[in-house]
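This report refers to the structure that appears directly beneath it.
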Amino acid sequence: MPGKALVITSGKGGVGKTTATANLGLGLALRGHKVALVDSDTGLRNLDVVMGLENRIVYDLVDVIEGNCRLAQALIRDKRTRNLVLLPTAQSKEKDAVKPEQMKELVKQLKEEFDYILVDSPAGIEHGFRNAVAGADEAIIVTTPEVAAVRDADRIIGLLEASGLYDPSLIVNRVRPDMVRRGDMMDITDIIDILAIPLLGVVPDDEGIIVSTNRGEPVVLNGRCRSGEAFGNIVRRLEGEEVPFLDLRGDGIFEKLKRLVGLR
Amino acid sequence: MWEFLSRLFGRENEGSKAAAKERLRLVLVHDRTSVSPYLLETLKEELLDVISKYMEIDQAGFEVNLEQGDDSMALVANIPIKEMKRALSKTKN
């Protein structure tokens, strides 16, 4: 059976697409699936660095497209699990070096060998976005609880539909439970009400995720960190398991103190 | 006491979430409706078909537009009628 290709996209930049791709990919691979990660942000590649694989790149996606190497030669094996490979993109080429039809063909080839192909989309809705969605079977939208990010997510839902990708699912990233509690951040219900697509996961903003990115070790490896736990849960939901969403309320200093003095 | 304290500290910031939601709602009303001129053109043609069953319309003056108020959107149609169809007024009586 051929694998499933998921595109991870957002419209707005800086909401955590690449981090989500790295974590979901590694998470799925650690649970025994064969996974290929594809960085489609030609000219601004990041996924290699987030995965900690930047020193191993020889060939890239553009080399494969241009026929400078075979697909298998450009796939970088992950250092933590043999189930995971990364197809990096070119850093020094123009972003239109790849065409959507070529991307579609490439993803199709990968689907023959891998269970999951995760395509990390660039920000924006132009050429790179069209490449990223070209071969995808399903889409995951990443947003943060901010007006601009949710607005862009809404636009992306429409554009995905126009490309035949219906029913994308949503990851809300960088949720600050303390701010939600104070009424200073939109909560998940607000965002789901507005976007009207199914929720795949909620990832709290914590320091662990920054530390892990500094080291090139996706946070999903760290089960003691709330964001790592959240990504682990998303992985299980992708496998079809029903996992309750994290209760993020009990995180604040007020809550900790209250529990300490027995007020709740 | 905690309730009191957190309320005391929270009060100054009250409403920033509500403000975000409201601004988002408005911007999306606009985004979603202004998506496609094609949609508006299709709507116009279908409206024309339906209304033409009952009355004769001056097609040159027929206009359908979205108008934005401060906190609402409206579909505004201007449909000049040339003539009512007699058959209709009979059946309706």
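Computed quantities for the displayed model
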| read-out | value |
| --- | --- |
| Filter result (touching a residue at least 40 places away in the same chain (Cβ under 8 Å), within 14 Å of chain B (Cβ to nearest Cβ) and among the hydrophobic types (A, V, I, L, M, F, W, C)) within the stretch A:187-202 | A:Ile188, A:Ile191, A:Ile194, A:Leu195, A:Ile197 |
| Test: A:Leu110 is more than 30 Å from A:Pro177 (Cβ to Cβ), buried (at least 19 other Cβ atoms within 10 Å of the Cβ) and of a type outside the set (Lys, Arg) | yes |
| The one condition in (1) surrounded by 19 or more Cβ atoms within 10 Å (Cβ to Cβ); (2) at pLDDT below 95; (3) not hydrophobic (A, V, I, L, M, F, W, C) that A:His127 fails to fulfil | (1) |
| Selection from the stretch B:1-38 of residues that are among the hydroxyl-bearing types (Ser, Thr, Tyr) and modelled with pLDDT of 80 or more | B:Ser16 |
| Residue identified as at pLDDT below 70 and not hydrophobic (A, V, I, L, M, F, W, C) among B:Gly61, B:Gly69 | B:Gly69 |
| Complete set of residues in the stretch A:46-98 that are surrounded by fewer than 19 Cβ atoms within 10 Å (Cβ to Cβ) and among the polar types (S, T, N, Q) | A:Asn55, A:Asn68, A:Gln73, A:Thr81, A:Gln91, A:Ser92 |
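To keep it simple, each residue is scored yes or no on (1) over 14 Å from the mean Cα position of the chain (by Cα); (2) part of a helix (DSSP H, G or I).
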{"site": "A:Lys95", "(1), (2)": "yes, no"}
{"site": "A:Pro122", "(1), (2)": "no, no"}
{"site": "A:Ile156", "(1), (2)": "yes, yes"}
{"site": "A:Ile171", "(1), (2)": "no, no"}
{"site": "A:Met179", "(1), (2)": "yes, yes"}
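The values are calculated or read from the model by the stated rules, or taken from the named source; none is laboratory data. Quantities reported herein were computed from a predicted structural model and do not represent experimental measurements. Methodologically, a virtual Cβ is constructed for each residue, glycine included, from the backbone with ideal geometry; neighbour enumeration extends over all protein chains shown.
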